[in-house]
Amino acid sequence: MKEVTVQELKSMMDRNEEFQLIDVRESFEYEVSHLNGLNIPLSGVVIEAEKISKDIPVIVQCRSGKRSAQAVMLLEQEGYTNLSNLKGGILAWKEEIDPDMDVY
């Protein structure tokens, strides 16, 4: 499974690279803090797969990297080949990029 670090994601954002960010946390978690990704909870990721691009890089994130890794595996079984897991999730983002971010 391909992984992207929070530093790499930040660089991609700063360079305005084309990619899609999918946040697979529950909506109440997304409301606490997010990185402006599309919120599709893990339980609905296969059902709502049509919302996930197959044409551009897709980075999947969650709180710690575990649920997003599950989502990547599920979507790869659906034929996706353009996915990366955000290593460490939003907790790593808080630790390395934005220490003021609220997390639970």
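The values are calculated or read from the model by the stated rules, or taken from the named source; none is laboratory data. Computed from a prediction, not measured in an experiment: that's the story for all the values here. For neighbour counting, all protein chains shown are included, and Cβ atoms are generated from backbone atoms with ideal geometry for every residue, glycine included. Accessible surface is based on the protein model in full, side chains and every heavy atom, while ligands, DNA and RNA are left aside. Shrake-Rupley method; radii C 1.70, N 1.55, O 1.52, S 1.80 Å.
Those residues that are closer than 20 Å to LYS10 by Cα and of a type in the set (Gly, Ala, Ser), I need them from the range 36-52; list them, please.
Scanning the range 36-52 gives a single hit, GLY37.
Any idea which residue in the range 13-54 is most open to solvent (accessible area, probe 1.4 Å), counting only those that are in contact (Cβ under 8 Å) with a residue 40 or more places away in the chain and part of a helix (DSSP H, G or I)?
VAL32
What are the pairs, 6+ residues apart or on separate chains, where a residue within the range 66-83 that is assigned to a helix (DSSP H, G or I) and among the charged types (D, E, K, R) has its Cβ under 6 Å from a residue that is modelled with pLDDT of 95 or more and buried (at least 23 other Cβ atoms within 10 Å of the Cβ)?
That search, which allows pairs on different chains as well, returns ARG67/VAL24.
Over 12 Å from PHE19 (Cα atoms) and in contact with a helix residue (DSSP H, G or I) (Cβ under 9 Å, 6 or more places away or on another chain): does that describe GLN77?
no
Name the residues in the range 84-95 that are buried (at least 22 other Cβ atoms within 10 Å of the Cβ) and either touching a His at 6+ places or on another chain (Cβ under 9 Å) or without any contact (Cβ under 8 Å) to a residue 40 or more places away in the chain (or both), would you?
Answer for the range 84-95, where residues must be buried (at least 22 other Cβ atoms within 10 Å of the Cβ) and either touching a His at 6+ places or on another chain (Cβ under 9 Å) or without any contact (Cβ under 8 Å) to a residue 40 or more places away in the chain (or both): GLY89, ILE90.
Of the numbered conditions (1) of a type outside the set (Asp, Glu); (2) open to solvent by 80 Å² or more (accessible area, probe 1.4 Å); (3) touching a helix residue (DSSP H, G or I) at 6+ places or on another chain (Cβ under 6 Å); (4) not in a loop (DSSP other than H, G, I, E, B), TYR104 satisfies every one except a single condition; which is it?
(4)
Just give me the residues in the range 80-95 being more than 16 Å from ASN36 (Cα to Cα) and out of contact with any Ser or Thr (no Cβ under 8 Å at 6 or more places or on another chain), in sequence order.
TYR80, THR81, LEU83, SER84, GLU95 - these are the residues of the range 80-95 that are more than 16 Å from ASN36 (Cα to Cα) and out of contact with any Ser or Thr (no Cβ under 8 Å at 6 or more places or on another chain).
In the range 57-83, what count of residues is obtained for those that are open to solvent by less than 20 Å² (accessible area, probe 1.4 Å), over 8 Å from the mean Cα position of the chain (by Cα) and of a type in the set (Ser, Thr, Tyr)?
Of the residues in the range 57-83, 1 are open to solvent by less than 20 Å² (accessible area, probe 1.4 Å), over 8 Å from the mean Cα position of the chain (by Cα) and of a type in the set (Ser, Thr, Tyr).
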